[in-house]
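Only one structure is covered here, and it is reproduced in the block below.
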Amino acid sequence: MIYLQLFWAFFIANTLGYGGGPPSIPLIQNEVVDVYGWMSVQEFGEVLAVANALPSPIGTKLAGYIGYQVAGVPGAAVALIATVAPTAIAMILLLQFIHLFRKAPQVKAMTQSVRPVVTVLLGTLTYQFLLGAVEGIGWMQTGILSVASFLLLETWKVHPALVIIVAMAYGFFFIG
C-alpha cells in the first residue's frame with residue numbers, strides 16, 4: 001500500500017505541477033506533509049534546501065530522498081518513476097501536436113494564466129517556512145539569516161549552494 005501512496009503522491013504533484021520544478025514543490029509538500037504526514041514542514045524545508053544545493057532537477061531529488069525515507073530503495077524507485085512518468089507520457093502523447101498548437105492564442109493564454117497561481121503557491125510555501133524558522137530559532141536569528149542570505153545572493157551574487165552551506169555553518173556554531 002505504501003508504494004501505491006508514494007506513486008500517487010508524486011504522480012499527482014508532477015502531473016499538476018505545470019512548468020517543472022517550482023510549481024511542483026508546493027504540490028509535493030502538500031502530499032508529503034499534509035496528505036500523508038511522512039514529514040513535517042520543517043523537515044520538508046530542510047530537504048528542499050539541501051536538494052536545491054545539488055545538481056539535477058528538484059523533483060527527482062525530492063522523490064528519491066522522500067521515497068527512500070518512506071520505503072527504502074524500492075520506495076525511491078517508485079517515487080522517481082512517478083515523478084518522471086507524467087512528463088514521459090505527455091511527451092509521447094503530445095509530441096506530434098506540438099507544432100500544430102504552439103502559436104495558438106489559447107495555449108499562450110493558458111501559459112500566462114498559470115504564472116500567478118505558481119507565484120501564490122510559492123509564496124504560501126515561503127510563508128510556512130518562515131513561520132517554521134521563527135518557531136524554531138526565533139525572529140532575530142531568522143532575520144539575520146534572511147538578510148544575510150539576501151545580500152549574499154542578490155548583492156554579491158554568491159552561488160546558492162554556498163549560501164546554504166554558510167547558513168548551515170551559522171546554525172551549527174551560533175544557534176545550536
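The values are calculated or read from the model by the stated rules, or taken from the named source; none is laboratory data. On a predicted model such as this, the values are computed, not experimentally measured, just so you know. Please note: Cβ atoms are built from the backbone with ideal geometry, for glycine as well, and neighbour counts cover all protein chains shown.
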Can you tell me which residue in region 16-40 is surrounded by the most Cβ atoms within 10 Å (Cβ to Cβ), limited to those that are touching a Ser or Thr at 6+ places or on another chain (Cβ under 9 Å) and hydroxyl-bearing (Ser, Thr, Tyr)?
SER24
Checked ALA90, ALA49, ALA53, ALA71 against criteria (more than 26 Å from LEU153 (Cβ to Cβ) and in contact with a helix residue (DSSP H, G or I) (Cβ under 8 Å, 6 or more places away or on another chain)); the one match is ALA71
In the set ILE164, ILE137, the lone residue that is under 21 Å from ILE58 (Cα atoms), assigned to a helix (DSSP H, G or I) and either among the aliphatic types (A, V, I, L, M) or not assigned by the TED database to the domain that holds ALA49 (or both) is ILE164
Residue check, TYR170 more than 17 Å from ALA51 (Cβ to Cβ), of a type in the set (Ser, Thr, Tyr) and surrounded by 13 or more Cβ atoms within 10 Å (Cβ to Cβ)
yes
Quick one: count up the residues across region 139-164 that are more than 21 Å from TYR127 (Cβ to Cβ), surrounded by 13 or more Cβ atoms within 10 Å (Cβ to Cβ) and of a type in the set (Val, Ile, Thr).
1
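Let's see how each residue does on (1) over 25 Å from THR124 (Cα atoms); (2) touching a Leu at 6+ places or on another chain (Cβ under 6 Å):
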site: PHE10; (1), (2): no, no
site: VAL32; (1), (2): no, no
site: VAL47; (1), (2): no, no
site: SER56; (1), (2): no, no
site: LEU62; (1), (2): no, no
site: TYR68; (1), (2): yes, no
site: GLY75; (1), (2): yes, yes
site: ALA88; (1), (2): yes, no
Answer yes or no: is there a residue in region 44-54 that is in contact (Cβ under 8 Å) with a residue 12 or more places away in the chain, surrounded by fewer than 16 Cβ atoms within 10 Å (Cβ to Cβ) and within 11 Å of LEU6 (Cα to Cα).
no
Yes or no: SER113 in the same structural domain as MET168 (by the TED database) and free of Cβ contacts under 8 Å to residues at least 60 places away in the same chain?
yes
Take residues that are modelled with pLDDT under 95 and under 14 Å from the mean Cα position of the chain (by Cα) and tell me which of the helices (runs of 4 or more DSSP H) falling wholly in region 1-110 contain 3 or more.
2-16, 21-29, 41-53, 58-94
